[in-house]
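Everything on this sheet refers to the single structure shown next.
The values are calculated or read from the model by the stated rules, or taken from the named source; none is laboratory data. Being a predicted model, the structure only gives us computed values, none of them experimental. Here the Cβ positions follow ideal geometry from the backbone for every residue, glycine too, while neighbour counts run over all protein chains shown. Just so you know, the surface numbers come from the protein's heavy atoms only, side chains and all, with ligands and any DNA or RNA stripped out. Shrake-Rupley method; radii C 1.70, N 1.55, O 1.52, S 1.80 Å.
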Amino acid sequence: MSALQSTDPEIAALVAAEERLQADTLRLIPSENYVSAAVLEASGTVLQNKYSEGYPGKRYYEGQQNIDQVETLAIERAKALFGVEHANVQPYSGSPANLAVYLAFLKPGDTVLGMALPMGGHLTHGWGVSATGSWFRGVQYGVRRDGDSETRGRTDLDQVRELALKERPKVIFCGGTAVPRTIDFPAFAEIAREVGAVLVADIAHIAGLVAGGAHPSPVGYADVISTTTHKTLRGPRGAMLMSTEEHARALDRAVFPGLQGGPHNQTTAAIAVALREASGEEFRGYARQVVSNARALGEELAARGFDLVSGGTDNHLLLIDLSSKGVPGKVAAKALDRAGIVVNYNSVPYDTRKPFDPSGIRIGTPSLTSRGIGADAMPQVAEWIDRVVTGDGEVVTKVRAEVAELMRAYPAPGLSALRP
Ligand SMILES: *Cc1c(COP(=O)(O)O)cnc(C)c1O
């Protein structure tokens, strides 16, 4: 019996149940993934026990002989992998990392320009219910409502420029949580330069694709790069801020002592491991496969009458407007969940329904690709989604069994390592 089982059988049972759930279901939430056994192991170590406020070589506590080396390795690997001059690996997660950016460059009440949440942006890009939208003045851009298949549903860069010239933001965010298309970093950089704003590329969703060469890099265009480490990058829950030397000091001071206390050293170690994994040739293949799978799944869904926002995808995710199927997003997401296909309901641009009961679902391929599932399985996945969204309870039961069978054929990384 494990220590956890004997000390706390309730939590042990729930962890085991979650592991079974992750093993048996087709996980299509684009911000999720399966970390490797090595990443999992690193994040559950005695590094948990150590306080280390400050940065390597400049700590406020003694006994940093090993911790300094762990954090230095993580920093050096981030710099090498992304080709940046500076990296801070201490932010607790993506939202605190972005808040550190505000602290570094803005005063309360200053203007920030970001993509609106219902258009695909993130809460922390100045949206009203977030501290970033109430302590700062958030101005929001969106995607094009009209146009042909090349422009509809794509980021409206004319609007970004107009708003930037009119509102004079100190910081501009590009990137988001439901953006299925390539982010045009050079175009954003030109606008930011024109108005003297700091450009922040929030690559939380696509960091693994950038690292693996499957999405253009913001390096050389963005002043600051913010990312989580747990989405396509396939590391532990955490975040990083990267920049040129010019902004290094401001960002470091904003993270500590501006916003945080001691870094989570067990997470830093796991980030270092994930960065090492992401610098290998295998990971480049993974990143490319994530995109091929998403494209194949998009084509199969479109062929079955699904309405893809922007008409398709360039990256790991698909945003689907279910209005054409006559099924609300939440109803579809709950039916799919019962069938062992895990997605999230999501607003679509210009949604006529409420955020808690929107018209769309958002799906992505990072997790299934980590299991080794390839593009040849996408017709099957699209067929399941179609049958469940438009079908009844009997269909759900059937699909659940078929999904479980495919999942057994492609065991997920990391999970079996935990089985006692
Ligand atoms: C996920 C995400 C974040 C926030 O990360 P958390 O770790 O959930 O706080 C920030 N920005 C973008 C674009 C994201 O997708």
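Being outside any strand (DSSP E or B), open to solvent by 60 Å² or more (accessible area, probe 1.4 Å) and either closer than 30 Å to Pro218 by Cβ or small (Gly, Ala, Ser) (or both) is true of Ala80. Note on segment 191-202: residues that are of a type outside the set (A, V, I, L, M, F, W, C) and either open to solvent by less than 60 Å² (accessible area, probe 1.4 Å) or over 12 Å from Leu165 (Cβ atoms) (or both) total 2. In the set (1) in a helix (DSSP H, G or I); (2) touching a His at 6+ places or on another chain (Cβ under 6 Å), the condition left unmet by Gly114 is number (1). Residues that are within 12 Å of the ligand (Cβ to nearest atom) and either open to solvent by less than 40 Å² (accessible area, probe 1.4 Å) or within 12 Å of Pro355 (Cβ to Cβ) (or both) within segment 116-125 comprise Leu117, Gly120, Gly121, Leu123, Thr124, His125, listed in sequence order.
In segment 342-367, what residues are open to solvent by 30 Å² or more (accessible area, probe 1.4 Å) and assigned to a loop (DSSP other than H, G, I, E, B)? Passing the criteria: Tyr350, Asp351, Thr352, Arg353, Lys354, Pro355, Phe356, Asp357.
Within segment 90-108, residues that are in the same structural domain as Ala239 (by TED's automatic domain parsing) and free of Cβ contacts under 8 Å to residues at least 40 places away in the same chain have Cβ atoms under 7 Å from residues that are open to solvent by 50 Å² or more (accessible area, probe 1.4 Å) and more than 14 Å from the ligand (Cβ to nearest atom) in these pairs: Pro108/Trp135, counting only partners at least 6 apart in sequence or on another chain. Applying the criterion of at least 1 residues that are farther than 30 Å from Glu277 by Cα to the helices (runs of 4 or more DSSP H) found wholly in segment 130-221 leaves 131-134, 157-167, 185-195. When Ala38, Ala23, Ala17 are checked against the criterion of being buried (at least 17 other Cβ atoms within 10 Å of the Cβ) and either at negative phi or outside the structural domain of Pro180 (by TED's automatic domain parsing) (or both), a single residue qualifies: Ala23. Each residue in segment 91-105 was checked for being of a type outside the set (S, T, N, Q), near the ligand (Cβ under 9 Å from one of its atoms) and either over 21 Å from Glu53 (Cβ atoms) or open to solvent by less than 10 Å² (accessible area, probe 1.4 Å) (or both), and 3 pass. Within segment 60-70, identify whether any single residue is open to solvent by 30 Å² or more (accessible area, probe 1.4 Å), out of contact with any Asp or Glu (no Cβ under 8 Å at 6 or more places or on another chain) and within 16 Å of the ligand (Cβ to nearest atom), and answer yes or no. For segment 60-70, residues open to solvent by 30 Å² or more (accessible area, probe 1.4 Å), out of contact with any Asp or Glu (no Cβ under 8 Å at 6 or more places or on another chain) and within 16 Å of the ligand (Cβ to nearest atom): absent. With respect to being touching a helix residue (DSSP H, G or I) at 6+ places or on another chain (Cβ under 6 Å) and over 17 Å from Arg400 (Cβ atoms), Ser359 fits the description.
The listed residues are Glu150, Glu194, and the only one of them that is more than 24 Å from the chain's Cα centre (by Cα), within 30 Å of Ile363 (Cβ to Cβ) and assigned by TED's automatic domain parsing to the domain that holds Tyr221 turns out to be Glu150. The criterion of being modelled with pLDDT of 95 or more, under 23 Å from Asp351 (Cβ atoms) and within 16 Å of the ligand (Cβ to nearest atom) holds for Val143. When we screen Val139, Val179, Val112, Val160 for residues that are β-branched (Val, Ile, Thr) and within 20 Å of Lys354 (Cα to Cα), the only hit is Val179. Scanning segment 126-139 for residues that are within 24 Å of Ile361 (Cβ to Cβ) and within 14 Å of the ligand (Cβ to nearest atom) yields Trp127, Ser130.
Considering Ala164, Ala131, the condition of being open to solvent by less than 20 Å² (accessible area, probe 1.4 Å) and either free of Cβ contacts under 8 Å to residues at least 24 places away in the same chain or over 24 Å from Asn315 (Cβ atoms) (or both) is satisfied by Ala164 alone.
Restricting Arg295, Arg288, Arg237 to those that are within 16 Å of the ligand (Cβ to nearest atom), basic (Lys, Arg) and either under 17 Å from the mean Cα position of the chain (by Cα) or open to solvent by 10 Å² or more (accessible area, probe 1.4 Å) (or both) reduces the list to Arg237.
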